[in-house]
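Notes for the one structure printed next.
The values are calculated or read from the model by the stated rules, or taken from the named source; none is laboratory data. Everything quoted here is computed from the prediction, not taken from an experiment. Backbone-built Cβ (ideal geometry, glycine too); neighbour counts: all protein chains shown. Just the protein is used for accessible areas: all its heavy atoms, side chains included, with ligands, DNA and RNA removed. Shrake-Rupley method; radii C 1.70, N 1.55, O 1.52, S 1.80 Å.
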Amino acid sequence: PSWLPHGTALRSKLSSSLTLDDLSVLGPWLQLPEALRQWPGVAQAAANGWLWALTPPSALTMVHAVPRPIAAPEPIAFRIYRAQNATNVMLLGGVELHGPSTDSLIVDARWDEVLDDLSDPKWHTLLNQRQVAATTAIEPWEDIAILAGGHADHTYNDQVVGHVRSHRAVHEFGDTKHRLVHYRLRATTRFREYFAPDELAPLPASDDPSLPVDDGRSTVSAEITVHVPNTTLPAPPMVHSVIPLFRWEDATEPDQPMARRRTRRAGVRVYLERPWFVTGADEQLGVVLAVGAERPTTTFTSQWGGDPFWMGSNVADREAVQVTDLLSAIGYDDYDSVAGPSGKPEILPTADDPNVKVMVVPYRPQYNPERRKWFVDIGFPARFWPFVQLSLVRYQPYSVDGRHLSKPVRCDFVQIPPERTAAVSRTSEGRVRVLVSGPVGYHDGNPSVVGARSVSVLGLSAAAQALAAVAAVGANRVLRAKLQTRDAVATSDLAWQTVEQTDLIVRGYAGTLANLVWTGELDVPEGLPFARPNTPGTHRVRIEEWETFVGDPTDLGDPHSLPTRENRLIYADEFELGSEA
């Protein structure tokens with residue numbers, strides 16, 4: 001009938017009708033008692049087919065079939081639950097739907113799978129992995145279906161919703177990894193048998209993976225994106241090596257149009273063995289720090305160590321690495337930068353003892369296809385030749401409680417080079433000025449250190465103390481600027497020849513005496529364009545810093561043999577000045 005609503009079925013019984021004259025020849029009617037047949041209205045009811053004993057009815061079902069359910073399923077408070085070490089996930093919540101036209105509810109899942117297979121030289125991301133997470137039959141009377149996780153299907157009366165049915169909904173992954181999963185609820189039609197196959201033809205497939213796959217007989221909800229957490233304790237990271245790291249930052253000098261500034265910042269690079277992503281997507285490397293203590297509270301937190309050869313590291317032996325040591329050089333909110341953390345620090349329980357808390361600073365590993373290893377760059381603030389010993393964990397931020405951190409791995413001590421900032425400016429057409437600044441220290445064995453240490457005792461002025469400290473530093477350190485040139489057709493770096501050089505002189509300090517500033521000037525040839533440094537050409541300024549220290553005697557067998565003086569290059573940089581006109 002045209003008045004039957006879309007997507008509904010009406011079940012009724014239909015019997016034949018007679019005229020009143022036909023009753024006189026109907027045997028079952030004549031066998032009824034006369035008193036009953038004479039009862040007012042009985043004869044008319046029999047003629048109208050209401051006495052089913054006389055005119056037995058036939059079952060009749062009227063259906064207003066639709067190729068798809070009337071309404072798309074709508075999730076209500078959809079969420080998931082995953083237990084420790086579980087390979088599946090429980091789907092929970094309610095689903096509002098149109099029961100009369102919905103035959104079954106299907107939960108589709110889509111995600112990107114990360115795979116780091118050791119047999120392959122590269123890691124891969126398998127896009128748009130699809131799976132039917134769960135499926136359940138829907139009763140015609142249901143307008144709200146309850147997803148009940150691992151509980152069996154059950155019908156009951158709820159005080160708020162009324163008569164409802166809970167449905168088992170468990171998504172089995174087969175492993176314990178974390179994934180970012182996009183769920184979509186799909187309702188299939190109850191009237192599939194009423195349509196020819198070509199009448200349920202799906203729509204053309206789309207290249208957009210976020211759009212649902214159309215089967216011609218379903219309506220679907222919008223995607224629900226959830227993090228399915230990791231459930232197992234991560235395996236400790238396999239550290240291959242930890243080496244010093246140079247991080248170069250190139251910029252212009254403020255308010256100086258003819259100057260260029262470059263900073264060499266410090267840090268370490270940690271190489272990691274494959275595989276990665278053993279706990280799934282978003283797996284990171286965590287640097288373990290002590291929580292609110294100047295010294296490590298456990299034996300597995302990162303720590304500083306001073307160099308006994310130099311005075312000026314500004315760290316105490318076994319001093320805990322603080323969170324500001326990892327963030328201050330890049331800015332507290334500047335995450336995912338070069339050698340910077342990938343997220344905010346978290347305070348979490350250790351894998352060995354849930355009552356012991358540590359701070360974890362996360363870093364996102366990158367892959368080196370040439371070395372077939374993962375690596376993490378970790379930046380540190382400006383200090384003079386400190387040692388650092390890192391405690392590292394495999395960290396999965398999307399994990400169930402107690403499964404975020406692996407057991408820690410303590411690395412060897414590695415020494416971090418001092419930070420240096422160099423600025424080269426063209427002060428005039430024939431002159432170039434060089435400025436270098438950074439943290440410094442002095443060797444404890446220098447005779448001038450005696451004066452530097454005793455100035456405060458002798459009651460000397462602050463200026464005298466500064467001069468004594470500079471003298472102590474200068475006894476072990478030379479900064480030199482060189483003007484170099486090469487032929488215009490030459491391309492090798494070995495073709496550069498030094499034509500002039502000068503030793504830079506300490507002219508002041510930045511903040512404290514532990515951060516000195518050296519300056520000096522060089523003459524440049526006539527005809528060299530008056531332009532900002534770093535213009536490629538035939539001339540450049542090379543800056544070198546040499547440390548000097550006492551070495552072994554020339555003759556180890558002679559007690560009167562004098563010790564040698566050893567040199568090592570600890571910093572170098574070049575600024576190109578262009579070519580002569």
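For the pair Asp552 and Trp50, label points projected 7 Å from Cα toward Cβ lie 12.3 nm apart. Taking a ≥ b ≥ c as the square roots of the Cα gyration tensor eigenvalues, with a/c under 1.5 meaning rounded and otherwise prolate when a/b beats b/c, else oblate, which class fits region 152-246? The shape class here is oblate. Computing FRET efficiency as 1/(1 + (r/R0)^6) for Thr19 and Glu199, where r is the C-beta to C-beta distance and R0 is 41 Å, gives about 0.40. Helix 447-458 and the longest principal axis of the Cα set of the chain meet at an angle near 80°. Only DSSP H runs of four or more residues enter the estimate; each adds -39500 (n - 2.57), and after division by the residues of the chain the mean residue ellipticity at 222 nm equals -2000 deg cm²/dmol. If the chain linking His227 and Leu562 were pulled fully straight, counting 0.36 nm for each residue of separation and taking away their Cα-Cα distance, it would gain 113.7 nm. Near the amide H of Leu147, within less than 5 Å, lie the amide hydrogens of Gly93, Gly94, Val95, His167, all on another chain or at least 5 residues away, with H placed in the peptide plane.
Segment Glu273..Leu26, full-extension length gain: 79.4 nm, with 0.36 nm per residue of separation and the alpha-carbon distance subtracted. Estimate the FRET efficiency between Ala531 and Val291 by the formula 1/(1 + (r/R0)^6), using the beta-carbon distance for r and 56 Å for R0, to the nearest 0.05. Calculated value: 0.60. Qualifying trypsin sites (Lys or Arg not before Pro) in region 36-129, where qualification requires a DSSP coil assignment and no more than 16 other C-beta atoms within 10 Å, comprise Lys122. Within the chain, the longest segment free of exposed loop sites, counting GluC sites (Glu not before Pro) that fall outside DSSP classes H, G, I, E and B and have at most 14 other Cβ atoms within 10 Å, spans 1-272. Per-residue accessible area (protein heavy atoms, 1.4 Å probe) orders His560, His240 as His560, His240, starting from the largest. In loop segments of region 181-286 as defined by DSSP, there are no chymotrypsin sites (Phe, Trp or Tyr not before Pro) with at most 11 further C-beta atoms inside 10 Å of their C-beta. What FRET efficiency, computed as 1/(1 + (r/R0)^6) with R0 = 60 Å and r the Cβ-Cβ distance, is obtained for Glu96 and Ala464, rounded to the nearest 0.05? That gives a FRET efficiency of 0.10. With a ≥ b ≥ c taken as the square roots of the eigenvalues of the C-alpha gyration tensor of region 88-212, please select rounded if a/c is under 1.5 and otherwise prolate if a/b is larger than b/c or oblate if it is not? Verdict is oblate for region 88-212.
Please identify which residues in region 257-281 have an amide N closer than 12 Å to a label point set 7 Å out from the Cα of His240, following the Cα→Cβ vector. Counting only backbone N, you get 270-276. A simple spin-label model places pseudo-atoms 7 Å from Cα toward Cβ; at Ser492 and Gln84 they are separated by 6.5 nm.
At full extension, Asp307 and Lys407 could sit 33.1 nm farther apart than now, given 0.36 nm per residue minus the alpha carbon distance. Dividing the alpha-carbon radius of gyration of region 80-156 by the rule-of-thumb value 2.2 N^0.38 Å gives 1.51.
Comparing Cα centroids, region 199-222 and region 1-75 end up 42 angstrom apart.
Looking at region 97-144, the chymotrypsin sites (Phe, Trp or Tyr not before Pro) that sit in a DSSP loop and have at most 11 other Cβ atoms within 10 Å of their own Cβ are Trp141. Both radii come from the Cα set of the chain: Rg as radius of gyration, Rh as Kirkwood radius; their ratio Rg/Rh reads 1.29.
Its relative contact order, with pairs defined as Cα atoms under 8 Å and 6+ residues apart, puts the chain at 10 percent.
Rounded to the nearest 20, the Cβ-based charge dipole of the chain about its Cα centre (Lys and Arg +1, Asp and Glu -1) stands at 600 debye. A straight Cα-to-Cα reach below 26 Å connects Lys357 with the lysines Lys177, Lys344, Lys407, residues fewer than 8 places away in its own chain not being considered.
Please give, to one decimal in nm, the separation of the simple spin-label points placed at Gln38 and Arg371, each 7 Å out from Cα toward the Cβ. Distance between the two pseudo-spin positions: 11.4 nm.
For the chain, DSSP calls about 95 percent of its internal beta bridges antiparallel.
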